[in-house]
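Asks: Before I ask anything, here is the structure I am working with.
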Amino acid sequence: MNEPYMADHRHVAAPSQDDAVVIERSWDEPERFGAVFDAHYAEIHRYVSRRLGPQAGDDVSAETFALAFRRRRHYDVSRRSARPWLYGIATNLINRHRRDEVRLLRAVDRLRPEANPAQGHEDEVAAKVSAQAVKGVLARAVAALPADQRDVVLLVALSGLSYEEVAQALGVPFGTVSSRLNRARKKLRKALGGTNPLFDEGETGR
């Protein structure tokens, strides 16, 4: 990538500066966008990698920031934080890799515990096997969700965004996020035998 802000990304984003201020200044001083890269790249990379795996995570994360840089003049500077915007770009790019994501989730589902646990560690291994089994069932259930519901579930579960921020990221109303989560929650709870580890029972929004 030859984006100007990538030439030397050793900037340190000033915590007192809003992303909006930095992005607006980058319209005329492109190198300033490096501060946005430094502030958010690791988080976006972690999110993408957890959805698509490490190799695709590198490529999609880099593409996310290259696209953000090219679109920076269209950024809504009334939004102080660029996190939802960046997550939205990343999620749209992930959409191009739907088959890869589902394949990865199904691979997690196929994981099986060791047949012969080490002697003397029965309790520890039993706990590990139990957690692994739930993870496999959960992965299969998430893979089976419609794409729009899976996006909302994983944005909430992996990014720590509020429902309002998820709505911003996906460009949909708050109520749409809530309804998609409710439908996904019911499906996941059913798949997990009445348990849904992604959300607290009383959670209806943030």
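Asks: How far is it, in nm, from the label point at residue 21 to the one at residue 81 when both lie 7 Å from their Cα along the line to the Cβ?
Replies: Once both label points are built, they end up 1.7 nm from each other.
Asks: Non-local amide H neighbours of residue 75 (under 5 Å, H modeled in plane, Pro and chain starts lacking H): which ones?
Replies: none
Asks: A follow-up question, please. Could you calculate the contour length gain from residue 46 to residue 147, that is, 0.36 nm times the residue separation minus the distance between their Cα atoms, to one decimal place in nm?
Replies: Working: separation 101, 0.36 × 101 = 36.36 nm, distance 1.99 nm.
This chain segment gains 34.4 nm when fully extended.
Asks: Still on this structure: Protein chains only, probe 1.4 Å: how do 19, 28, 148 rank by accessible area, largest first? Don't skip to the end; give the middle numbers.
Replies: Values: 19 20, 28 130, 148 60 Å².
Of 19, 28, 148, the descending order of accessible area is 28, 148, 19.
Asks: Continuing with this model, one more query. From the phi of every residue in region 156-163, what ³J(HN,Hα) in whole Hz does the Karplus formula 6.51 cos²θ - 1.76 cosθ + 1.60 yield, where θ is phi - 60° and glycine or proline is x?
Replies: 5, 6, 9, 9, x, 5, 6, 4
Asks: Between residue 172 and residue 55, what FRET efficiency follows from the Cβ-Cβ distance if R0 is 22 Å, with the result rounded to 0.05?
Replies: On the way: r = 30 Å, r/R0 = 1.35.
So, using R0 = 22 Å, E works out to roughly 0.15.
The values are calculated or read from the model by the stated rules, or taken from the named source; none is laboratory data. Just so it is clear, the model here is predicted, and its values are computed rather than measured. Note: ideal-geometry Cβ built from the backbone for every residue, glycine included; neighbour counts use all protein chains shown. What goes into the accessible areas is simple: the full protein's heavy atoms, side chains included, and nothing from ligands, DNA or RNA. Shrake-Rupley method; radii C 1.70, N 1.55, O 1.52, S 1.80 Å.
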